[in-house]
1. Sticking to Cα atoms, compute the Rg of the stretch 51-156 to one decimal and its Dmax as the biggest Cα-Cα distance, whole number, in Å.
2. Could you tell me the distance between the Cα centroids of the stretch 150-229 and the stretch 1-57, to the nearest Å?
3. Give the dimensionless ratio obtained when the Cα radius of gyration of the stretch 27-67 is divided by 2.2 N^0.38 Å.
4. So what's the angle, to the nearest 10 degrees on a 0 to 90 scale, between helix 36-58 and the longest Cα principal axis of the chain?
5. How long, wide and thick is the stretch 226-379, going by the Cα atoms along their three principal axes, in whole angstroms, largest first?
6. Taking only Cα atoms, what is the 0 to 90° angle, nearest 10, from helix 65-87's long axis to the longest principal axis of the chain?
7. Over the stretch 226-379, what relative contact order in percent results from Cα pairs under 8 Å that are six or more residues apart?
8. Once the Cβ-Cβ distance between residue 278 and residue 153 is put in as r, and R0 is 25 Å, what FRET efficiency do you end up with, to the nearest 0.05?
C-alpha cells in the first residue's frame with residue numbers, strides 16, 4: 001500500500017514542477033532540495049504583488065480587481081500548502097516580515113471592482129536576497145541574523161544528526177548536533193548530558209561546544225573536517241610514522257585528560273575521534289560523542305544499562321561495570337588503526353605490536369593500569385627501519 005504522506009508530497013512537488021520560476025528566486029533555495037521550487041514560486045509571486053501594492057500606495061491607491069483576486073487566491077494557496085506540509089510532518093518557518101505584510105493587506109483586498117489601498121499605507125520592505133521560507137530541519141537561526149542560515153548534513157548516528165553551516169558573523173564553519181525526532185526521555189536526557197559534560201571540559205584534544213537549544217534539542221559545536229577512520233583511510237599510503245605517532249599521542253592525551261577528570265568515554269571508536277585538518281597539512285585530534293560517558297566519581301548506576309559502543313572488550317560482560325581496563329582495550333584497537341590503517345589487532349612482532357597486545361590482553365591485570373603508562377611507551381616509539389603499511 002502506498003504511503004499517503006509520500007503521495008501527498010509527490011503531488012505537491014509535481015504541481016510546482018512545471019511552474020515558471022525566475023532564477024533570481026530559485027537561487028535563494030538551492031539548499032532546499034525537496035521544496036526549493038515551491039518556496040521560490042511563492043516568494044516570487046509575493047514580491048510581485050507587494051511591489052505593485054507599494055506602487056499603487058504611492059499613486060492611485062487603487063489595486064486592480066484581477067490583481068486583488070490573484071493575491072487573495074495566492075494567500076489561500078500558501079495557507080493550503082503550509083497545512084499540507086505540516087500534515088506531512090514538514091515544519092516550515094515563514095518570514096515574520098512577510099507574514100505581517102499579508103496580515104496588513106488581506107483585510108482591504110476585495111474580489112469586486114478592485115481594492116482601495118488605505119491612506120498612510122507604509123510600503124512593504126521587499127526581501128530579494130534571502131529566503132522567506134526555511135525549514136528547522138535544514139536551517140539554523142542566528143541571534144545576529146534576521147534570517148535562518150542553511151544547514152548541510154555531514155553525519156548521522158543512532159541518536160543524532162550533525163549539520164554544518166558557515167557563521168556569517170565570523171565566516172567560520174560551525175557544526176550543529178541535533179537529536180533525532182522521536183527519541184525517548186532517557187535518550188534525550190543522555191543527549192543533554194553529553195552537552196553538559198562537554199561544556200565543562202576544556203582541552204585542546206576534546207571537541208568544544210557552545211550553546212544548547214532546548215526547544216530544538218540541539219547544540220552548536222566546533223566543526224571538525226574528518227573522522228579518524230576517513231582521514232587515515234584516504235592517506236594510509238602516504239602517512240609517515242612520525243605523523244601517525246603525533247595523531248596517536250594527541251588521541252591519548254585527550255583520553256588521559258578525561259580520565260583525569262574522572263570520566264570514562266565508553267564509546268571510543270574510529271568514528272568518534274575527529275580531526276581538524278589545516279591547510280598546512282597539520283592535524284588536531286578532537287574527541288567527540290560523549291553520549292555514553294560515565295563519571296567514575298558517581299555512585300549512580302542504571303540497572304538496565306545496555307552494552308553499546310562499536311569496540312567492545314570481550315572481557316566486559318556488564319556495561320555498568322565498565323572501567324579503565326576496558327577503555328584501555330578500546331585504545332589498543334584505535335592505536336592499531338592509526339599505525340597500520342587496518343581494522344585489526346597487531347601481533348607482538350615489534351614495539352607497536354607489543355603495545356597493542358598489552359592494551360588488549362585477555363588478562364585485565366596484564367593491561368596498562370592507566371593511560372599515562374601507555375603514553376610513555378608510545379612517546380618512546382621510534383620508526384622501524386623497514387616498516388611498510390598497506
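Values quoted throughout were computed directly from the atomic coordinates according to the rules given, and no laboratory measurement underlies them. As the structure is a prediction and not an experimental result, all values here were calculated from the model. Glycine also receives a Cβ, built like all others from the backbone with ideal geometry; neighbour counts cover every protein chain displayed.
1. Rg then Dmax for the stretch 51-156, in Å: 16.9, 56.
2. Computed from Cα coordinates, the inter-centre distance equals 31 Å.
3. 1.55
4. Roughly 40 degrees between the two axes.
5. Principal axes ranked by extent give 47, 34, 23 Å for the Cα atoms.
6. 30 degrees
7. Computed value for the stretch 226-379: 24 percent relative contact order.
8. 0.60
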